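Written out below as structure tokens is the structure these notes cover.
The values are calculated or read from the model by the stated rules, or taken from the named source; none is laboratory data. Just so we're clear, the structure is a prediction, and the values are computed from it rather than from any experiment. Methodologically, a virtual Cβ is constructed for each residue, glycine included, from the backbone with ideal geometry; neighbour enumeration extends over all protein chains shown.
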Amino acid sequence: MKKLFSGLSIAALAGAMLVAVPSTHSLYAQEPWAAPPPELQGAQQQGFHDGIEGARKDAENHRPPNVENRDEYRHPSVPHRDRRAYRDGFRRGYDVGVQHLMQHGRY
């Protein structure tokens, strides 16, 4: 009985966490500007998302916008063959993030 109760508690906790954390699609519904363009795939898409997040971090920390200062851009954690695509997507996402955040006075 104790094992069943423990299992149910874990399942309930996992279910609650899924409800509490917005999915990527619901985030894009709230912030459509943060959605990667449909032509981006794979490493470019990941880079775009990371670029948006890099711009957010820079804005939150009141740093001047400069994609070259982001470690994720300079040293991407993707396979070597994907680095150019990742950096292209990152730069695009960073630029979109900076422009959006500047319009809303976060920079």
Single residue of region 66-107 satisfying the filter (in a loop (DSSP other than H, G, I, E, B) and touching a helix residue (DSSP H, G or I) at 6+ places or on another chain (Cβ under 7 Å)) that is nearest to Glu31 (Cα to Cα): Arg106
Any chance Ala16 is loosely packed, with under 12 Cβ neighbours inside 10 Å, at pLDDT below 50 and part of a helix (DSSP H, G or I): yes
Residue match in region 56-65 (condition: part of a helix (DSSP H, G or I), buried (at least 19 other Cβ atoms within 10 Å of the Cβ) and in contact with an Asp or Glu (Cβ under 8 Å, 6 or more places away or on another chain)): no
